[in-house]
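Have a look at the structure below before the remarks.
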Amino acid sequence: IQNKNAPMADYNLKISGGTPNTNYYVSLTHNNTESVFIQSWQKRYGFTTNINTQPYKWLRTGINYRFIYTDIKDESGGGGHNGDLARAAYQVPPWQKIYDPDGPSYLRGYEAPNDFFYTDYPNGFTVVRKYGPESWSNPLGEMALNDRGYQFLRNLGTAYIELEPISGLTFKGTFSAD
């Protein structure tokens with residue numbers, strides 16, 4: 001369940017410069033991080049640009065834009081113990097089976113440590129723990145059978161215009177979007 005070598009890679013390309021009246025900044029980023037849990041990772045891609053210009057002494061304009069795409073597979077929330085995979089992994093009894101090639105096809109070869117039976121008991125079902133009271137879950141099976149992947153896409157932008165018709169009096173308008 002643990003990834004004993006969880007590498008992280010960060011790549012950045014940044015360019016900036018300008019003239020007396022205009023400056024710019026452009027950045028490309030990539031981050032690839034593996035989790036301490038197997039089958040868990042995060043990949044992030046980013047683009048940022050800032051451009052500011054002052055075409056006249058009384059006028060300044062600029063735009064800031066950031067694009068971020070994040071792809072995440074997070075298995076740390078599994079495990080049947082209130083969403084704590086690490087706790088579930090350390091509490092699985094060592095005699096509990098992980099794999100069951102003869103089990104139901106929907107489990108894809110993983111062992112289900114508990115059987116559930118419908119009864120007339122007030123809760124409506126009974127749980128039979130196959131490997132004793134400690135057998136709550138099969139964290140490796142839960143990681144393989146549950147898709148906890150998701151993606152984020154963010155576009156953040158701001159544009160502004162600033163006027164200074166007379167010295168000491170400034171008007172600034174800003175538009176931002178997310």
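The values are calculated or read from the model by the stated rules, or taken from the named source; none is laboratory data. These numbers come from a predicted model, not from an experiment. Heads up, the Cβs are rebuilt from the backbone with ideal geometry, glycines too, and the neighbour counts pull from every protein chain shown. All accessible areas refer to the heavy atoms of the entire protein, side chains included, with ligands and DNA or RNA removed. Shrake-Rupley method; radii C 1.70, N 1.55, O 1.52, S 1.80 Å.
Determine, yes or no, whether residue 75 is modelled with pLDDT under 80 and open to solvent by less than 50 Å² (accessible area, probe 1.4 Å).
yes
Filter the stretch 98-120 down to the residues that are in a loop (DSSP other than H, G, I, E, B) and more than 31 Å from the chain's Cα centre (by Cα) and list them by number.
Across the stretch 98-120, the qualifying residues are 100, 101, 102, 103, 104, 119, 120.
Does the stretch 112-134 hold any residues that are surrounded by 13 or more Cβ atoms within 10 Å (Cβ to Cβ), touching a residue at least 24 places away in the same chain (Cβ under 8 Å) and in contact with a Phe, Trp or Tyr (Cβ under 9 Å, 6 or more places away or on another chain), and which are they?
Listed by number, the residues that qualify are 113, 131.
Residues of the stretch 1-23 being surrounded by 15 or more Cβ atoms within 10 Å (Cβ to Cβ) and modelled with pLDDT of 90 or more, which ones?
Answer for the stretch 1-23, where residues must be surrounded by 15 or more Cβ atoms within 10 Å (Cβ to Cβ) and modelled with pLDDT of 90 or more: just 23.
Check residue 161 against each of (1) surrounded by 13 or more Cβ atoms within 10 Å (Cβ to Cβ); (2) at pLDDT below 80 and name the one condition it does not meet.
Going through (1) surrounded by 13 or more Cβ atoms within 10 Å (Cβ to Cβ); (2) at pLDDT below 80 one by one, residue 161 breaks only (2).
Look through the stretch 121-153, keep the residues that are under 20 Å from the mean Cα position of the chain (by Cα) and of a type in the set (Phe, Trp, Tyr), and return whichever of them is modelled with the highest pLDDT.
That would be 152.
If residue 20 passes every condition in (1) in a strand (DSSP E or B); (2) over 21 Å from residue 172 (Cβ atoms) but one, which one does it miss?
(1)
Residue check: is residue 53 assigned to a strand (DSSP E or B) and in contact with a Pro (Cβ under 8 Å, 6 or more places away or on another chain)?
Considered against the rule, which asks whether it is assigned to a strand (DSSP E or B) and in contact with a Pro (Cβ under 8 Å, 6 or more places away or on another chain), residue 53 comes out as no.
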